[in-house]
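Colleague: Got a structure for you, written out below as structure tokens; questions coming shortly.
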Amino acid sequence: MRVGINLHQKTLQHTKCPFLKTFNINMTSEQAVSKYTKFCPYLHYKEMKSETKKCPIEHSQFYNNQFKGVIQQIKDEGRYREFKSLLRTNGEFPRAINKTPTGDQPITLWCSNDYLGMSQNPMVTQATKNAIDLTGIGAGGTRNIGGTSIYHVELERELADLHRKDSALVMNSGYVANMATLDTLGKVLKDVTFLSDAKNHASLIEGMRATKRDRLIFKHNDYQDLEQKLKQLDIQQNKVIVFESVYSMNGTVAPIQQFINLAKKYNALTLIDEVHAVGMYGERGAGVTEKLGLQKDIDIVTGTLGKAFGCSGGYVSANSEIVDAVRSTASNFIFSTSMSPIIAAACLESVKYLKSHPEIRERHQYVASLIKAKLKSKGIPALNSASHIVPVFIGDPLLCKEASEKLLNEYNIYIQPINYPTVPRGQEILRISPTPLHTEEMIDELVNSIECVFKSLNLKLESQYTAEQRVIFQ
Ligand SMILES: Cc1ncc(COP(=O)(O)O)c(C=O)c1O
């Protein structure tokens, strides 16, 4: 009985998540994700192992307390996530309807990753309708067991061509594509070491961690630090440099040429995640590597079909040996029902369309630069992003949420607050994602509304930060 009571007490302590207190604002996203996903199961497992006697509290309460404790902690920190229920009327984007308990609210979307509005492109929606009439909805199986349609095959051909590679493989999401690719690299490349950018996305971090191979984390976009890490490894050892082209939260762009040079010098493979760049950069929309003329020098590209291409799904593209290895060994690809052929048909049309419409990309970049300039002119602390992403620095989770709510409730502008763990604590932002469909009038409305919210909440303008603090804006 005593053991049982001890267990109960321990469990209650556990619900207060003492481990959460060990996070700090200086952590990289790599470190934060690793802690965040590890602490609960680990503690619980340790406690259960030593317990054999009957638990003194009812079993559903025993478990629910643990979930409630975590949720309460998240709420106390102002980072509880509340989903908006949106009706995105076809043809109206970026206008939408926010369905609230008190009625319909017309809003302007300023945080969508439907970066180019392709989800409502008439060619894409028509291709989807044609496919559904022709073939129905579901894939009907894994890729190996009846789940490969003509659309999957053609989409993969189109993506391989986009990236100037031999081959491509489509998955159900960009997240799965990253996990599957890294899983294969971990299995195939003996004793591989991953060299991972400190700000890599959760799907890359989890993908590498799952392989249980060594990981060396280099400072964000810092090729000198990467070189120091590479020097530690034998030239004959398998190694993969894992990074993104455009970082989705701060909008920074990787020094791709320098990374390629190092990969050649130290005999490393390169894996670039172009999730926030495909469709948007380069002559045909293949990403930053295309824009820089570096497509041939990168070994493996992963991308999404759910952001600029406006549909859903993800993919990996590389030489035929690598893609064949992923196809043949990645568990989450092999044992999962394939993407719906309807979605594959939509993606196919979207990829084809964007290949031949560079003017959409030009307008996108123009809108982004216009917003940045207008915010700067008002002293709003917009981070100096080199991409289409416009992060407005707030630096406090509760104020960030309040600013977002004010924009929505008083100005009908929807920008989701971005808090921990998506960004490190103390680096909370309002992340604006412009599209080519935002008009000049919408842009003025946005900038004026942000200015009013900054005034009413007494938020710090750029000039009110010290030079030291302003480093974060670079
Ligand atoms: C850098 C990066 N990679 C991969 C993904 C996952 O892509 P998807 O949304 O298609 O799962 C995301 C999603 O936001 C991302 O930001």
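Colleague: Determine if the stretch 237-250 includes at least one residue that is away from the ligand (no atom under 16 Å from the Cβ), part of a loop (DSSP other than H, G, I, E, B) and crowded, with 21+ Cβ neighbours inside 10 Å.
Modeller: no
Colleague: Additional query: Could you please find all residues in the stretch 433-451 being within 16 Å of Arg363 (Cα to Cα) and among the β-branched types (Val, Ile, Thr)?
Modeller: Thr435, Thr439, Ile443
Colleague: Is at least one residue of the stretch 159-169 touching a residue at least 40 places away in the same chain (Cβ under 8 Å), open to solvent by 20 Å² or more (accessible area, probe 1.4 Å), within 16 Å of the ligand (Cβ to nearest atom) and part of a loop (DSSP other than H, G, I, E, B)?
Modeller: From the stretch 159-169, those touching a residue at least 40 places away in the same chain (Cβ under 8 Å) are 159-160, 162-169; that's our starting set.
From what is left, the residues that are open to solvent by 20 Å² or more (accessible area, probe 1.4 Å) are 164-167.
Among the residues that remain, those that are also within 16 Å of the ligand (Cβ to nearest atom) are: none.
Scanning the stretch 159-169 turns up no residue that is touching a residue at least 40 places away in the same chain (Cβ under 8 Å), open to solvent by 20 Å² or more (accessible area, probe 1.4 Å), within 16 Å of the ligand (Cβ to nearest atom) and part of a loop (DSSP other than H, G, I, E, B).
Colleague: Which count do you get for residues in the stretch 432-471 that are in contact (Cβ under 8 Å) with a residue 40 or more places away in the chain, open to solvent by 10 Å² or more (accessible area, probe 1.4 Å) and within 25 Å of Met280 (Cβ to Cβ)?
Modeller: Number satisfying all stated conditions: 6.
Colleague: Considering only residues that are assigned to a loop (DSSP other than H, G, I, E, B), open to solvent by less than 10 Å² (accessible area, probe 1.4 Å) and touching a residue at least 60 places away in the same chain (Cβ under 8 Å), which ones fall in the stretch 180-226?
Modeller: Ala198, Asn200 - these are the residues of the stretch 180-226 that are assigned to a loop (DSSP other than H, G, I, E, B), open to solvent by less than 10 Å² (accessible area, probe 1.4 Å) and touching a residue at least 60 places away in the same chain (Cβ under 8 Å).
Colleague: Yes or no: Ala325 among the small types (Gly, Ala, Ser), more than 16 Å from the ligand (Cβ to nearest atom) and at pLDDT 95 or above?
Modeller: Judged against the criteria, Ala325 is a match.
Colleague: Taking the stretch 141-154 as the search range and keeping residues that are in contact (Cβ under 8 Å) with a residue 40 or more places away in the chain and either assigned to a loop (DSSP other than H, G, I, E, B) or within 26 Å of Ala96 (Cβ to Cβ) (or both), which one is most open to solvent (accessible area, probe 1.4 Å)?
Modeller: Step by step, filter the stretch 141-154, then rank; the result is Asn144.
Colleague: Does Asn172 count as within 16 Å of the chain's Cα centre (by Cα) and within 16 Å of the ligand (Cβ to nearest atom)?
Modeller: yes
Colleague: Separate question: Only helices (runs of 4 or more DSSP H) wholly contained in the stretch 303-362 count here; list those with 3 or more residues that are open to solvent by less than 10 Å² (accessible area, probe 1.4 Å).
Modeller: Values: elements: 320-329, 331-334, 341-355.
Counting at least 3 such residues, we get 341-355.
Colleague: With respect to Ser119, determine if the residue is assigned to a helix (DSSP H, G or I), out of contact with any Pro (no Cβ under 6 Å at 6 or more places or on another chain) and either hydrophobic (A, V, I, L, M, F, W, C) or surrounded by 14 or more Cβ atoms within 10 Å (Cβ to Cβ) (or both).
Modeller: Spelling it out, Ser119 is indeed assigned to a helix (DSSP H, G or I), out of contact with any Pro (no Cβ under 6 Å at 6 or more places or on another chain) and either hydrophobic (A, V, I, L, M, F, W, C) or surrounded by 14 or more Cβ atoms within 10 Å (Cβ to Cβ) (or both).
Colleague: When you go through (1) part of a helix (DSSP H, G or I); (2) modelled with pLDDT under 90; (3) open to solvent by less than 40 Å² (accessible area, probe 1.4 Å) one by one for Glu51, which number turns out not to apply?
Modeller: (1)
Colleague: Just checking, which of Ser317, Ser338 is within 16 Å of the ligand (Cβ to nearest atom), under 23 Å from Thr193 (Cα atoms) and of a type in the set (Gly, Ala, Ser)?
Modeller: Ser317
Colleague: Scanning the stretch 256-279 for residues that are of a type in the set (A, V, I, L, M, F, W, C) and under 11 Å from Gly303 (Cβ atoms), which turns out nearest to the chain's Cα centre (by Cα)?
Modeller: Val275
Colleague: For the stretch 257-280, what are the residues that are within 15 Å of the ligand (Cβ to nearest atom) and open to solvent by less than 10 Å² (accessible area, probe 1.4 Å)?
Modeller: Passing the criteria: Leu271, Ile272, Asp273, Glu274, Ala277, Val278, Gly279, Met280.
The values are calculated or read from the model by the stated rules, or taken from the named source; none is laboratory data. None of the values given here were measured: they were computed from a predicted structure. Using ideal geometry, Cβ is built from the backbone for each residue, glycine included, and neighbour counts are taken over all protein chains shown. Heavy atoms of the whole protein, side chains included, go into the accessibility calculation; ligands, DNA and RNA do not. Shrake-Rupley method; radii C 1.70, N 1.55, O 1.52, S 1.80 Å.
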